[in-house]
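Undergrad: Pasting a structure below so you can have a look.
The values are calculated or read from the model by the stated rules, or taken from the named source; none is laboratory data. Being a predicted model, the structure only gives us computed values, none of them experimental. Every residue, glycine as well, gets a Cβ built from its backbone with ideal geometry; the counts of neighbours run over all protein chains shown.
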Amino acid sequence: MKFVKQTFIPLILLAIIITPKLIAQDYYAYVAAESEDEVHLVHFNANTQNLEIAETIHVGRYPTEIDGPHGITVSPDGKNWFVSIAHGNPYGYLAKYSTETNELISTAELGMFPASMEISEATGLLYVVNFNLHGDMVPSTVSVIDPESMIRIVDVDTGIMPHGSRLSTDGRRQYHVSMMTDELIEINAQTLEVSRRLKLGKDAQKMNHEGMDHSKMDHSAMSGPNGSMPMHKPVEKPTWADPHPTKPFVYVAGNGSNELLEISTKDWQITRRFTTGKAPYNLEVSPNGKLVVVSYKGEGATGVWDIESGKELAKIPNTRRVSHGVAITPDSKYAFITVEGVGGEPGSVDVIDLNTLKNVDHVDTGKQAGGIYFWKQVK
């Protein structure tokens, strides 16, 4: 009789062999704490569902004053991050940092209270809105900067209190909103000129100006002193705009009217209006084009909307009040939400799982967490 030699594999080794290997998934984003003059690099480990602050960078020029870091963006190659500093002497400025060392490289002067911004992959230029929060109620500008030399090329005239700027996927069109004139504005990123304006009010959509001879009309009653201020009482008070990654639509947050607006860039008109939670502030369309994630500043909550059906899938409470910024990971799995906090509270960043529609973790930040921009995803 022959005996067959048996090989015994230790149970622990067998478990390793048959258990699927976990793939590490790490996400990194930059977050501005406006009332602390800090920018945080936050790191989320999807395997452990843990969010942490990887590094804190102090920004600003005046150590005895709050300079107010507001908007954040990262260069398309991921090598640099940029922050708009709201308060200066008298104007704000743009600061450029290295993502490798998080050290300051250079700065460029901007307008009053510069806010959100992004870099075009088509032109390589950076476009930043000058919100002009503390200035006169007059039309402001979008500053165009060469991010390599940090030279300010031109200021494009736009509406009153421009905000919420984002570029089309091809980088050829820049979209932003004018809060006090209820407008969505499109800039041709190559010619550096305003190409279209769209009034977002319901009454404005019904007006047809074709065939009118405006040269024979008296518009003096429509202006304020010296003709500088349109006598328009804002209703929508739009605060953010983000184009769809593949379809000809832009989505706008109507902060004053509690609406999410869908605008066709093909027909240049509003195609759908959705009633949202209180005071929608920022929003972002998921890279896969299926969802719009909206921060409800007046509710301390975040809404997740299905674009195809036009339905709100969930309204998720944030860790504290005054929800602010939204950044979605490139794989469309998670949304990072900044929350300002109230009074002496710290700010925070929440991570929402877009599959389970639940807040999976959060981390405290400096006061008034606001601007946020995704940096990289590492496997």
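Undergrad: Across the stretch 355-365, which residue is nearest to residue 377 (Cα to Cα) among those that are surrounded by fewer than 17 Cβ atoms within 10 Å (Cβ to Cβ) and hydrophobic (A, V, I, L, M, F, W, C)?
TA: Taking the candidates together, the pick is 360.
Undergrad: Shifting gears a bit: Within the set of pairs 6+ apart or on separate chains, which have a first residue in the stretch 54-75 that is without any contact (Cβ under 8 Å) to a residue 24 or more places away in the chain, a second that is crowded, with 16+ Cβ neighbours inside 10 Å and not in a strand (DSSP E or B), and C-beta atoms under 8 Å apart?
TA: 58/37; 65/87
Undergrad: Quick check on the stretch 24-45: of everything there that is at pLDDT 95 or above and among the hydrophobic types (A, V, I, L, M, F, W, C), which residue is farthest from residue 81 (Cα to Cα)?
TA: 44
Undergrad: Is it the case, given these coordinates, that residue 204 is modelled with pLDDT under 95 and either closer than 26 Å to residue 288 by Cβ or not in a loop (DSSP other than H, G, I, E, B) (or both)?
TA: Yes, satisfied.
Undergrad: Can you tell me which residue among 97, 91 is hydroxyl-bearing (Ser, Thr, Tyr) and at pLDDT below 95?
TA: After applying the criteria, what remains is 91.
Undergrad: Got at least one residue in the stretch 332-354 being over 15 Å from the mean Cα position of the chain (by Cα), in a strand (DSSP E or B) and surrounded by fewer than 20 Cβ atoms within 10 Å (Cβ to Cβ)?
TA: yes
Undergrad: I need the full set of residues from the stretch 136-150 which are closer than 22 Å to residue 78 by Cβ, of a type outside the set (D, E, K, R) and over 20 Å from the mean Cα position of the chain (by Cα), in order please.
TA: Across the stretch 136-150, the qualifying residues are 149, 150.
Undergrad: Assess whether residue 270 counts as being in contact with a helix residue (DSSP H, G or I) (Cβ under 7 Å, 6 or more places away or on another chain), modelled with pLDDT of 95 or more and surrounded by 16 or more Cβ atoms within 10 Å (Cβ to Cβ).
TA: So residue 270 passes the test.
Undergrad: What number of residues in the stretch 357-377 are farther than 13 Å from residue 42 by Cβ, touching an Asp or Glu at 6+ places or on another chain (Cβ under 9 Å) and among the basic types (Lys, Arg)?
TA: 1
Undergrad: Count, please, the residues in the stretch 320-331 that happen to be surrounded by fewer than 22 Cβ atoms within 10 Å (Cβ to Cβ) and under 15 Å from residue 298 (Cβ atoms).
TA: Here the count works out to 2.
Undergrad: Just a yes or no: is a residue in the stretch 307-319 buried (at least 23 other Cβ atoms within 10 Å of the Cβ) and β-branched (Val, Ile, Thr)?
TA: no
Undergrad: Quick one: would you say residue 103 is among the charged types (D, E, K, R) and either within 19 Å of residue 374 (Cβ to Cβ) or at pLDDT below 95 (or both)?
TA: no
Undergrad: Go through (1) touching a residue at least 40 places away in the same chain (Cβ under 8 Å); (2) not in a loop (DSSP other than H, G, I, E, B) for residue 43 and report which single condition fails.
TA: That leaves (1) as the condition not met.
Undergrad: Now for a separate question. Do you know which of the residues in the stretch 56-98 that are small (Gly, Ala, Ser) and part of a strand (DSSP E or B) is farthest from residue 161 (Cα to Cα)?
TA: Per the criteria, the residue is 98.
Undergrad: Also: Can you name every residue in the stretch 109-140 that is in a strand (DSSP E or B) and buried (at least 20 other Cβ atoms within 10 Å of the Cβ)?
TA: Those that are in a strand (DSSP E or B) and buried (at least 20 other Cβ atoms within 10 Å of the Cβ): 114, 115, 116, 117, 118, 119, 126, 127, 128, 129, 130.
Undergrad: Any residue in the stretch 333-358 that is without any contact (Cβ under 8 Å) to a residue 40 or more places away in the chain and closer than 22 Å to residue 286 by Cα sitting within a Cβ distance under 8 Å of a residue that is assigned to a strand (DSSP E or B) and among the β-branched types (Val, Ile, Thr)? List the pairs, counting only those 6 or more apart or interchain.
TA: Between residues of the stretch 333-358 that are without any contact (Cβ under 8 Å) to a residue 40 or more places away in the chain and closer than 22 Å to residue 286 by Cα and residues that are assigned to a strand (DSSP E or B) and among the β-branched types (Val, Ile, Thr), the close pairs are 339/349; 348/338; 348/339; 348/363; 348/365; 353/360.
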